[in-house]
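Below: one structure, written as structure tokens.
The values are calculated or read from the model by the stated rules, or taken from the named source; none is laboratory data. Bear in mind that the values here come from a model prediction, so they are computed numbers and not experimental data. Because the Cβ atoms are built from the backbone with ideal geometry, glycine has one as well, and the counts that use them run over all protein chains shown. Side chains included, ligands, DNA and RNA excluded: accessible areas come from the protein's heavy atoms. Shrake-Rupley method; radii C 1.70, N 1.55, O 1.52, S 1.80 Å.
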Amino acid sequence: LEIYLNGLNGVVPDLPMTYADLEARASAAMSPALLSYVAGGAGDEFTQRANAAAFGQWGLIPRMLRATGSRALSVDLFGMTLPSPLFLAPIGVIGLCAQDGHGDLATARAAARTGVPMVASTLMNDPLEAVAADLGDTPGLFQLYTPRDRDLAASLVQRAETAGYRGIVVTLDTWMLGWRPRDLSVANFPQLRGNALANYTSDPVFRASLAKPPEEDMPAATLQWATIFGNPLSWDDLPWLRSLTSLPLLLKGVCHPEDVRRARDLGVDGVYCSTHGGRQVNGGMTALDALPGVVEAADGMPVLFDSGVRSGADVVKALALGATAVGIGRPYAYGLALGGEDGIVHVLRSLLAETDLTMAIDGYPSIADLSPEALHRNAFRA
Ligand code: FNR
């Protein structure tokens, strides 16, 4: 309505109204190396494309005469009442998508303006404390890449607790960097320039462990990063991870029901079904295909979901398949690159409006009305 009313006064939106336009215009605004980093995926990017295309196999079945004035979109997550089921997935060094290099802070402010929670990456260009301050009352979760140095891991988690984050998300699928041809083609890691990685390089444990200041030199910094975070965890590490915090603990990248059950048994509080947006490995199943099995095995435990969500209809379908909350990655990175903090707010408000309209017109006035029975397997695939 706001957009149409502005239009009557001759004011048209200066930010894109479709994902395709958002991607195209943001791509033009980024340097080739930054674009490779944000847009790229593993291999020929089949899994990345399939993540998004997988939503096309499902159609929401319209129901009539169930209209209500407004939709009930809030969700409960670990005792928090979130205004909507959306959240911002962790994006390392998203700082570089902002003109001033402080994109993590811009993301936090956009989260604060919309009430959409942010999952803050270990690999932020600003300290997690500064990000928490800009989040204000909007919840943040802290995503841990688990360093080899257990004291450093404990310090990061402790800092997150002290700064007021409401949960710890341990990402499990990134202990090696995937085969990403776009990054390999430009042979450039813009993500390690400038204030890159200040979140962990400012950590007192990290600084104390260094004989000399953090590496400024790019190749050396890359090797240092790979050494610190190239840490293959195993199930045996789970009790230790659990012991680090009394906050809700979630595992990100979990797609197999057996892994969900094992996580539950080890005292994990939630799982995060994701294929890392197809960035880490190619040829695997899509996150959406994994979701029903994960939800069933979670047996009531919260399930966060991301990978390939591009529209309000996608959000509704993921909710119908049992996701507790639905995350976006690249869409908001593009919003940031194109329009800064306002660009992220625009992406989130558009997605929320479309989610709300989809549920309204199709006759599902609350998230509680959504279930797999609301979905039909489409015979036609575009
Ligand atoms: C990511 N992702 C990610 N995940 C994580 O746990 N820690 C991180 O630091 C990052 N970094 C990161 C950088 C960039 C540029 C992208 C695009 C993604 C993965 C992210 O959290 C999420 O799983 C995917 O982005 C979701 O897929 P879509 O929405 O991008 O398709």
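Descriptive notes on the structure:
- Strands (runs of 3 or more DSSP E) contained in the stretch 52-161 and holding at least 3 residues over 14 Å from the mean Cα position of the chain (by Cα): 58-60, 75-77, 80-82
- First in the stretch 210-232 and under 14 Å from L152 (Cβ atoms) and part of a loop (DSSP other than H, G, I, E, B), second anywhere and open to solvent by less than 70 Å² (accessible area, probe 1.4 Å) and modelled with pLDDT of 75 or more, Cβ under 7 Å, 6 or more apart: P214/T201; N231/T146; N231/P147
- Restricted to the stretch 130-159, and to residues there that are touching a Pro at 6+ places or on another chain (Cβ under 7 Å) and more than 14 Å from A120 (Cα to Cα), the residue that is most open to solvent (accessible area, probe 1.4 Å) is S155.
- Scanning the stretch 131-153 for residues that are of a type in the set (G, A, S) and within 20 Å of L244 (Cβ to Cβ), we see that the one that is farthest from the ligand (Cβ to nearest atom) is A132.
- Unmet criterion (only one of (1) surrounded by fewer than 24 Cβ atoms within 10 Å (Cβ to Cβ); (2) away from the ligand (no atom under 14 Å from the Cβ)) for P85: (1)
A quick yes/no check of all residues on (1) in contact with a strand residue (DSSP E or B) (Cβ under 7 Å, 6 or more places away or on another chain); (2) open to solvent by 20 Å² or more (accessible area, probe 1.4 Å); (3) charged (D, E, K, R); (4) within 15 Å of the ligand (Cβ to nearest atom):
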site: D299; (1), (2), (3), (4): no, yes, yes, no
site: D306; (1), (2), (3), (4): yes, no, yes, yes
site: Y332; (1), (2), (3), (4): yes, no, no, yes
site: L336; (1), (2), (3), (4): no, no, no, yes
site: V347; (1), (2), (3), (4): no, no, no, yes
site: I361; (1), (2), (3), (4): no, yes, no, no
site: D369; (1), (2), (3), (4): no, yes, yes, no
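- Sole residue being within 16 Å of the ligand (Cβ to nearest atom) and not hydrophobic (A, V, I, L, M, F, W, C), chosen from G56, G10, G69: G56
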